[in-house]
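Chemist: Shown below is the structure under consideration.
The values are calculated or read from the model by the stated rules, or taken from the named source; none is laboratory data. If you're wondering where the values come from, they're calculated on a predicted model, not measured in any experiment. Ideal geometry is used to build each Cβ from the backbone, glycine not excepted, and the neighbour counts take in all protein chains shown. When the accessible area is computed, the model is the full protein with side chains, heavy atoms only, and any ligands, DNA or RNA have been set aside. Shrake-Rupley method; radii C 1.70, N 1.55, O 1.52, S 1.80 Å.
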Amino acid sequence: MQFSKTQKTQDTDPGIPFQYRRSSYEYDLPKSLIAQYPLENRSDSRMLHLNRSSGAIAHTKFSNIVDVLQDGDLLIINRTKVIPARIFGKKTSGGQVEIFLLNHLEGTRWECMVRPSARIKGGTRILIGEGFEAVVGDRNDERNRVVDFEVTGDFWEKLGRYGKMPLPPYIEREAEEKDQLTYQTVYSEQRGSVAAPTAGLHFTPELMGSLRCKGVQFTEVILHVGLGTFRPVRTEDIRLHRMHSEFCIVPPQTADAVNRAKRDGRRALAVGTTSMRTLESFSSAGELQSGEKWTDLFVYPGKQVTIPDGMITNFHMPGSTLLMLVSAFAGYDNIMKAYHEAVEMKYRFFSYGDAMLIL
């Protein structure tokens with residue numbers, strides 16, 4: 001995973017600096033290390049502790065984060081809630097259709113991915129369940145579809161009954177009933193995500209209580225995670241990649257708490273890449289502003305991270321924008337060294353996998 005600049009130049013376009021090459025963020029990951037199920041106890045996951053100043057690495061359990069964090073540290077959590085975004089229905093002619101909710105537009109109208117899209121004309125009616133139907137509109141600029149749901153009763157109740165949790169494709173199994181709990185943070189609150197902010201999956205109410213007893217504080221943001229977070233980088237020069245927009249919110253009390261912590265010299269830690277992107281999307285002259293907006297911020301090495309002093313994150317896919325974000329925060333060489341060690345020590349990777357604490 002560590003390689004010389006000479007090797008990088010031989011492997012890719014020498015005109016692109018190595019930190020901007022997509023291929024610089026690839027690494028070898030045995031398939032056996034991709035977690036397919038969560039641990040029975042969330043906080044029993046392992047935690048790699050990376051010092052971003054020295055590059056030093058330590059290994060512990062996530063529950064031991066109580067011993068690592070300090071009185072006065074501030075954790076910024078993402079209170080978004082994953083919705084059961086995968087819906088299966090049938091055309092009136094009998095063909096099966098999958099509808100994947102992406103963005104809520106208004107009322108019961110959503111932007112969706114529809115499969116098999118090429119065979120479904122605008123105006124096609126999809127039968128999902130009792131009192132739950134959908135009418136598929138034409139394609140938009142993103143090649144997605146606007147879908148109007150016709151519901152007898154409450155939309156969310158119907159979605160909970162007929163929808164499935166949207167597990168990532170690297171989890172090679174169908175969603176099970178228990179995923180409705182395990183693929184959700186214990187503090188999830190506001191519905192809107194189609195993927196979990198997975199760094200938060202390691203927390204239990206008991207662990208959060210222990211942290212509060214030590215003097216660690218919590219505050220919140222909202223970023224509704226969309227598929228754009230996982231959109232593959234297809235350009236070798238990562239600076240040409242464009243993120244899809246995701247809706248995020250920083251409440252006034254969160255901006256006040258973060259700015260007060262930084263003025264007091266206390267550490268502010270982003271719980272997950274989604275919290276990190278939200279904080280940086282509302283950063284102005286080193287201070288956090290409150291508000292709400294759609295963000296397409298792409299953080300990669302060469303871009304300065306101004307708000308968080310630390311972060312909790314999971315291990316991310318090779319070549320992903322998430323791996324580029326943590327490399328921007330902790331340093332490319334530090335992250336590559338840490339990932340190499342995590343593979344060697346057989347850490348569990350991705351959504352249901354183990355954690356990394358970067359301070």
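Chemist: With unit charges on the beta carbons (Lys and Arg positive, Asp and Glu negative) and the dipole taken about the Cα centre of the chain, which residue among Gly153, Ser281, Gly291 sits farthest to the positive side?
Modeler: Ser281
Chemist: So, R0 is 35 Å and r is the distance between the beta-carbons of Ser23 and Val186; what FRET efficiency does that work out to, to 0.05?
Modeler: Efficiency, from the Cβ-Cβ distance: 0.40.
Chemist: Let me ask something additional. Within the P(r) computed for the stretch 208-359, what percentage of the Cα pairs occupies the region above 21 Å?
Modeler: Considering the stretch 208-359, 46 percent of its Cα-Cα pairs are separated by more than 21 Å.
Chemist: Return the FRET efficiency for the residue pair Phe155, Asn41: r is the Cβ-Cβ distance, R0 is 30 Å, and the value is rounded to the nearest 0.05.
Modeler: Given R0 = 30 Å and the Cβ-Cβ separation, E is 0.30.
Chemist: Follow-up. Please give every one of the lysines within straight-line cross-link reach of Lys158, meaning a C-alpha to C-alpha distance under 21 Å, and leave out same-chain neighbours fewer than 8 residues apart.
Modeler: Counting by Cα, and skipping residues close in sequence, Lys158 has these lysines nearby: Lys81, Lys90, Lys91, Lys178.
Chemist: Same structure again: Taking the simple approach of a point 7 Å from Cα along Cα-to-Cβ for both Ser245 and Ser210, what is their distance in nm?
Modeler: 4.3 nm
Chemist: Give me the three principal axis extents of the chain from the C-alpha atoms, as integers in angstrom, largest value leading.
Modeler: Extents along the principal axes, in whole Å: 63, 53, 41.
Chemist: While we're here: So which aspartates and glutamates can Lys121 reach, going by Cα to Cα under 19 Å and dropping same-chain residues fewer than 8 places off?
Modeler: Glu98, Glu111, Glu133, Asp138, Asp141, Glu142, Asp148, Glu150
Chemist: Taking the Cα centre of the chain as origin, work out the dipole magnitude from +1 charges on Lys and Arg Cβ and -1 charges on Asp and Glu Cβ, in debye rounded to 20.
Modeler: 480 debye
Chemist: Dipole of the stretch 111-261, Cα-centred, from +1 at each Lys and Arg C-beta and -1 at each Asp and Glu C-beta, to the nearest 20 debye?
Modeler: Charge dipole of the stretch 111-261: 380 debye, to the nearest 20.
Chemist: Per residue, how many Å² of accessible area does the chain show with a 1.4 Å probe?
Modeler: Ligands and nucleic acids excluded, the result is 45 Å² per residue.
Chemist: Specify which residue in the list Phe315, Ile16, Ile76 is farthest towards the positive end of the charge dipole of the chain, using unit charges on the beta carbon of Lys, Arg (+1) and Asp, Glu (-1), about the Cα centre.
Modeler: Ile16
Chemist: So which lysines can Lys262 reach, going by Cα to Cα under 22 Å and dropping same-chain residues fewer than 8 places off?
Modeler: Straight-distance partners of Lys262: Lys214, Lys303.
Chemist: Right, something else. If you take the charge dipole of the stretch 105-210 about its Cα centre, with +1 on Lys and Arg Cβ and -1 on Asp and Glu Cβ, which of Pro169, Gly200, Val136 is farthest toward its positive end?
Modeler: Val136
Chemist: Here is a further query. Given a 1.4 angstrom probe, I'd like the percentage of the accessible area of the chain that is carbon and sulfur, rounded to a whole number.
Modeler: Its accessible area is 46 percent carbon and sulfur atoms.
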